[in-house]
1. Anything in the range A:91-131 that is small (G, A, S) and in a loop (DSSP other than H, G, I, E, B)? List them, or say none.
2. What single numbered condition from (1) over 20 Å from A:L56 (Cβ atoms); (2) polar (S, T, N, Q); (3) within 9 Å of the chain's Cα centre (by Cα); (4) within 14 Å of another protein chain (Cβ to nearest Cβ) fails to hold for B:T66?
3. Can you tell me which condition A:T130 does not meet? The list is (1) out of contact with any Leu (no Cβ under 7 Å at 6 or more places or on another chain); (2) more than 20 Å from A:I25 (Cα to Cα); (3) crowded, with 18+ Cβ neighbours inside 10 Å, and all the others hold.
4. What's the total number of residues in the range A:110-119 that are surrounded by fewer than 19 Cβ atoms within 10 Å (Cβ to Cβ) and at the interface with another protein chain (Cβ under 7 Å from one of its Cβ atoms)?
5. List the residue pairs whose Cβ atoms are under 7 Å apart, where the first residue sits in the range A:41-55 and is in contact (Cβ under 8 Å) with a residue 40 or more places away in the chain and at negative phi, the second is assigned to a helix (DSSP H, G or I) and aliphatic (A, V, I, L, M), and the two are 6 or more positions apart or on different chains.
6. Is it true that A:D143 is more than 14 Å from the chain's Cα centre (by Cα) and modelled with pLDDT under 95?
7. Residues in the range A:50-62: is at least one over 24 Å from A:E150 (Cβ atoms), assigned to a strand (DSSP E or B) and within 13 Å of another protein chain (Cβ to nearest Cβ)?
8. Do the conditions hold for A:V99, that is, is it over 18 Å from B:R21 (Cβ atoms), more than 9 Å from every other protein chain (Cβ to nearest Cβ) and not polar (S, T, N, Q)?
Amino acid sequence: MKFADFVSEGAIRADLSATDKPSVIRELTAALAAAGAIGADDMEGIVKAIMKREELGSTGIGRGVAVPHTKHPSVDRLVGTVGVSAEGLDFNSLDGEKVQLFFLLISPPDRPGDHLRALENISRQLRDDTFCRFLKQSKTPEDIWQLLAEADNNQFVS
Amino acid sequence: MGHETVTRQVTVRSSNGLHARPADLFARQAGKFESKIVVVKEGVRVDGKSILDVLTLAATQGTLLTLEATGPDAEAALEALARLIEIDLANEEMIDH
């Protein structure tokens, strides 16, 4: 699965203002609502569900990356967005490091395979140092979208 | 050096597959052992102690994985990791997110 298959272009944020876990989850979920990828009425429920998932264990998987996510019946296909925090913020990561890169995913309850394939794509690309570094240095949503497109074209990993 | 590699095949049971939470639990469990742990899916080999590596397998329900352990506690590592995948993680209630 490619980034273009699930990332909502209009919801990408290059300059996250949030400084803690609840607010970054809210900021990115609101971005998805503003882009029309999720319903505005569903936003609160989705934020709550994502926070509940974080209580089981942080989705900050290391290398300055987090993949907050949930299943939600209001979406009929996997939707997601990407956010970059220049400063980074404390996300209770597994490695204790601050998180700068966020991939927020919302999937329909009956499509676990799609969720896995999105995680596969994200983690495979993130193993490449160049991709990680460029993403952290992105200044605009256009920069990020371009990088994701290059990753989709296998320009970082073979 | 001097340690043989032991292997074991396991099947992913949970309907959600090895998503973030199980991959985290697996990598943590693997990290408790001194032995080097490799997970193989269809010829692709990854470091079992790295959550990013385990996630790149996209192991869905029914996926056959080969676990390889090399080191002084290889047998115990495989025993624990096989149990984790085939029994503990098969219990959806524990990790269904």
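1. First pass over the range A:91-131, keeping only residues small (G, A, S): A:93, A:96, A:107, A:113, A:118, A:123.
Of everything in the range A:91-131, those that are small (G, A, S) and in a loop (DSSP other than H, G, I, E, B) turn out to be A:S93, A:G96.
2. Result: B:T66 passes all but (4).
3. Every listed condition holds for A:T130 apart from (3).
4. Here is the first cut: in the range A:110-119, the ones surrounded by fewer than 19 Cβ atoms within 10 Å (Cβ to Cβ) are A:110-111, A:113-114.
Then drop every residue that is not at the interface with another protein chain (Cβ under 7 Å from one of its Cβ atoms), which leaves A:113.
Residues that pass the stated criteria total 1.
5. A:I50/A:I25
6. Numbers: more than 14 Å from the chain's Cα centre (by Cα): yes; modelled with pLDDT under 95: no.
Taking the combined requirement at face value, the residue does not satisfy it.
7. Of all residues in the range A:50-62, those over 24 Å from A:E150 (Cβ atoms) come to A:50-60.
Applying the additional criterion that residues be assigned to a strand (DSSP E or B) yields A:60.
If we keep only those that are within 13 Å of another protein chain (Cβ to nearest Cβ) as well, we get A:60.
Yes, because at least one residue in the range A:50-62 is over 24 Å from A:E150 (Cβ atoms), assigned to a strand (DSSP E or B) and within 13 Å of another protein chain (Cβ to nearest Cβ).
8. Values: over 18 Å from B:R21 (Cβ atoms): no; more than 9 Å from every other protein chain (Cβ to nearest Cβ): yes; not polar (S, T, N, Q): yes.
Judged against the criteria, A:V99 is not a match.
The values are calculated or read from the model by the stated rules, or taken from the named source; none is laboratory data. Computed from a prediction, not measured in an experiment: that's the story for all the values here. In this analysis, Cβ positions are derived from the backbone assuming ideal geometry, glycine residues included, and neighbour counts consider all displayed protein chains.
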